[in-house]
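Here's the structure we're looking at; comments come further down.
Please treat every number below as a calculation from the coordinates, not as lab data. Bear in mind the structure is a predicted one, so any value in this text is a computation, not a measurement. Cβ sites come from the backbone with ideal geometry, for glycine too, and all protein chains shown count toward neighbours.
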């Protein structure tokens, strides 16, 4: 029976991230991958993003309203959404992602594959979107709705997410707490 080398022996050589080592594998076959030795792999990466989140920020935030106006959201939609605190659910299975936004007014779901163009809804308007998962804790959503390009960058931590929204030079930041 062959004994496995200790983790320290695997780390000798040019510096590479543990994630790079996972994909390269150490030795031959999956039984010798970094996931086997270090517990690092795609499932561990997703756990920083996947979860349920509740809005902590004030729904009546003036910067958020300015962002929505710049993104082409109607006055009626902006007024209605200033009265609700939406939650978000993010999940992933087999390379397919789902972002569900839930509120008292409307529930919407965006299904996507990272880097691929898809059609979504943005405050009642069809939008052309590209979602990109970057690293282990960032989700970027570039979209065009009502003829205006916008971007949201969601950064994830153990206790929640921070979403930075920008459109036409207007920027807003919303904070969410992780509830599951």
Members of region 152-174 found to be part of a strand (DSSP E or B) and surrounded by fewer than 14 Cβ atoms within 10 Å (Cβ to Cβ), listed by number: 157
Subset of region 67-94 (residues that are in a helix (DSSP H, G or I) and under 23 Å from the mean Cα position of the chain (by Cα)): 67, 68, 70, 81
Residue under evaluation residue 95, criteria (1) touching a helix residue (DSSP H, G or I) at 6+ places or on another chain (Cβ under 7 Å); (2) exposed (fewer than 13 other Cβ atoms within 10 Å of the Cβ), criterion not met: (1)
Test set (1) closer than 23 Å to residue 84 by Cβ; (2) not in a strand (DSSP E or B) - residue 115 fails condition number: (1)
All positions within region 122-138 that are touching a strand residue (DSSP E or B) at 6+ places or on another chain (Cβ under 6 Å) and outside any strand (DSSP E or B): 137
